[in-house]
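Bear in mind that the values in this text are calculations on the coordinates, not laboratory data. Nothing here was measured: the structure is a model prediction, and the numbers come from that model. In this analysis, Cβ positions are derived from the backbone assuming ideal geometry, glycine residues included, and neighbour counts consider all displayed protein chains.
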Amino acid sequence: MANPDHHHDHGGDHAGGSELSDMQLRVRALETILTEKGYVEAAALDAIIEACETRIGPHNGARVVAKAWIDAGFRKALLEDGSKAVAGLGHDSRVGEHLVAVENTPDTHNIVVCTLCSCYPWDLLGLPPVWYKSTQYRSRTVKDPRGVLHDFGVTLPATTKIRVWDSTAETRFLVVPMRPAGTDGWTEDQLAALVTRDSMVGTGLAQPPGKAV
Amino acid sequence: MDGVHDMGGMDGFGPVKPERGEPVFHAPWEARVLAMTRTMGAANGWSIDMQRFAREQLPPPFYLGASYYEKWFFAMRQMLLDHGLIDGAELASGHALHPAAPLKRGPFMLADVPRVMRRGTFDRPADAPARFKVGDHVRARNIHPQTHTRLPRYVRGHAGVIERIQGCHVFPDTSAQGDSEQAQWLYTVIFDGRELWGPEGDATLTVSIEAFESYLDPV
């Protein structure tokens with residue numbers, strides 16, 4: 001049973017497993033209480049979930065990166081004031097304050113983590129994946145980022161400087177990955193398809209042309 | 001508090017396991033927990049810091065073993081109990097047994113959804129100029145508050161450099177105690193990997209944290 005009062009060890013972060021039906025019952029009961037008391041309208045819960053599953057997601061961030069790749073003025077504005085630059089794009093999901101965009105270069109690779117909880121630019125990238133919130137990622141990234149990158153199948157040159165950003169406040173970080181070679185003349189839409197979620201967190205690279213899905 | 005949530009630099013958890021084609025939620029109840037947490041936080045004026053502190057106070061063995069949304073659920077349930085919005089008898093019966101308690105900002109309705117789908121602003125007017133400037137050498141204080149703080153253990157006592165000034169923001173340590181109006185200057189402070197992890201650390205590594213002014217001493 002998943003209960004902080006009657007704990008047993010079921011090993012590591014996981015999605016629910018045998019806990020599922022137990023949690024389903026607990027959550028349903030609590031929602032019933034909250035709605036019967038009139039604290040919250042069930043339709044409001046539905047609307048939030050719908051937005052999380054459809055409107056917000058890494059496609060918003062990918063557009064920002066692709067635009068920065070082809071528009072030098074936007075790139076400069078984005079690196080100077082991320083929130084202001086992105087607000088001008090008119091996304092479906094409006095992006096909140098304190099967005100800081102950091103750029104990968106041949107010399108420096110940026111990676112974002114939240115060691116204390118799960119801070120993530122969800123309004124630009126969608127809700128964080130399980131690995132971002134996991135004990136494994138939160139514990140290791142600030143100490144052994146190359147080991148973490150290895151878990152993602154990414155190997156950087158030994159001389160590349162690694163910069164880890166620990167999101168310990170309400171600033172939120174977006175990594176602008178390097179533009180893949182062989183994409184001269186590509187449109188913003190074509191380029192956006194190469195920008196993976198992981199590349200905007202720093203645990204991946206943008207896809208090379210021909211590998212985009 | 002020096003809790004298990006403060007896990008930067010801990011060993012032994014094993015490799016990161018990315019999931020291909022990961023869904024937004026792994027079960028419908030996870031989505032309900034996320035939505036209930038956001039709405040009840042907004043309805044009763046619970047700051048993000050109060051909610052984080054509630055999760056940090058979950059028993060350590062549970063914290064380490066539970067899934068993300070299990071942690072969210074049990075922390076939210078505890079806050080609802082602590083603030084008198086529900087009681088144990090209601091949880092046992094699965095229904096409301098008593099009249100609703102007043103919510104600080106009133107019930108959360110469909111029309112309120114847009115305000116929780118955008119991150120708020122944490123900027124506040126500063127009542128004094130910033131103590132540090134870019135390039136200043138600082139040392140993270142060796143402090144161990146019993147309550148919520150955003151100064152991770154792995155930097156305490158270590159020397160770094162002010163890289164950016166991010167503005168004057170709500171101070172999480174007091175916000176977690178219910179006072180969301182105190183604000184402090186916020187800095188990006190960069191540390192050399194070997195300053196944090198010793199001579200065997202990765203020589204190419206630098207790590208930054210976002211540090212409130214009272215977390216730092218001049219060097």
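Tabulated values for the structure
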quantity	calculated
Cα centroid separation - segment A:15-86 against segment B:49-82, whole Å	20
Segment B:Val219-B:Arg105, extension gain: residue separation times 0.36 nm, minus the distance between their alpha carbons	36.6 nm
Equivalent ellipsoid dimensions for chain B as semi-axes, Å, which come from the Cα gyration tensor, largest first	35, 23, 16
Of A:Lys161/B:Lys133; A:Lys133/B:Lys104; A:Lys143/B:Lys71; A:Lys143/B:Lys17; B:Lys71/B:Lys133; A:Lys37/A:Lys133, pairs whose Cα-Cα distance is over 28 Å	A:Lys133/B:Lys104; B:Lys71/B:Lys133; A:Lys37/A:Lys133
Size of charge dipole - segment B:57-166 - debye, nearest 20, with Cβ of Lys, Arg +1 and Asp, Glu -1, no other charges	600
Positive-end residue, the protein assembly as shown charge dipole about Cα centroid, Cβ charges, pick of B:Leu80, B:Pro60, B:Thr174	B:Thr174
Choice from A:Leu89, A:Leu34, A:Leu194 with maximal GNM fluctuation in chain A (Cα, 10 Å cutoff)	A:Leu34
Positive-end residue, segment A:57-201 charge dipole about Cα centroid, Cβ charges, pick of A:Leu174, A:Val130, A:Pro106	A:Val130
Only Lys, Arg (+1) and Asp, Glu (-1) charged, at Cβ; the protein assembly as shown dipole about Cα centre in debye	580
Under Karplus coefficients 6.51, -1.76 and 1.60, residue-wise ³J(HN,Hα) of segment B:154-164 in Hz, glycine/proline x	5, 9, 4, x, 9, 8, x, 10, 5, 9, 9
Whole-number D in µm²/s for the protein assembly as shown (Stokes-Einstein; Kirkwood sum over Cα pairs; 10 °C, 1.306 mPa s)	71
FRET E, pair B:Arg124, A:Asp22, Förster distance 35 Å, beta-carbon r, rounded to 0.05	0.25
Segment A:98-137-segment B:146-219 distance, computed between alpha-carbon centres (Å)	17
Ranked list, fewest to most other Cβ atoms within 10 Å of each Cβ, for B:Val116, A:Val142, A:Val175	B:Val116, A:Val175, A:Val142
Point-charge dipole on Cβ atoms (K/R +1, D/E -1) for segment A:32-110, about Cα centre, debye to 20	260
In segment B:1-79, the GluC sites (Glu not before Pro) that fall in loop regions by DSSP, at most 14 other Cβ within 10 Å	B:Glu19
Exposure proxy order (Cβ contacts within 10 Å, fewest to most) of A:Lys161, A:Lys84, B:Lys133	B:Lys133, A:Lys84, A:Lys161
Burial ordering of B:His98, B:His26, fewest other beta-carbon atoms within 10 Å first	B:His98, B:His26
Cβ-based charge dipole, the protein assembly as shown, positive-most Cα from A:Gly185, B:Gly14, A:Val142	A:Gly185
Cα gyration tensor shape for segment A:57-201, rounded if a/c is under 1.5, else prolate or oblate	oblate
Where no second cysteine Cβ lies under 4.7 Å, the cysteines concerned in chain A	A:Cys52, A:Cys117
Karplus 3J(HN,Hα) series, Hz, for segment B:141-146 with 6.51 cos²θ - 1.76 cosθ + 1.60 (x for Gly, Pro)	5, 8, 10, 9, x, 6
Per-residue HN-Hα couplings for segment B:194-201 [Karplus 6.51, -1.76, 1.60; θ = phi - 60°; Hz; x = Gly/Pro]	6, 5, 7, 10, x, x, 8, x
Radius of gyration and maximum dimension Dmax of segment B:126-207, Cα, Å	14.2, 43
Distance (nanometres) between label positions extended 7 Å along Cα→Cβ at A:Asp71 and B:His83	4.0
Residues whose placed amide H lies under 5 Å from that of B:Glu163, excluding near-sequence neighbours	B:Gly135, B:Thr188, B:Val189, B:Ile190
Distance (nanometres) between label positions extended 7 Å along Cα→Cβ at A:Lys84 and A:Leu156	2.8
Sum of -39500 (n - 2.57) over DSSP H runs of 4+, divided by residues of chain B (222 nm, nearest 500)	-8000 deg cm²/dmol
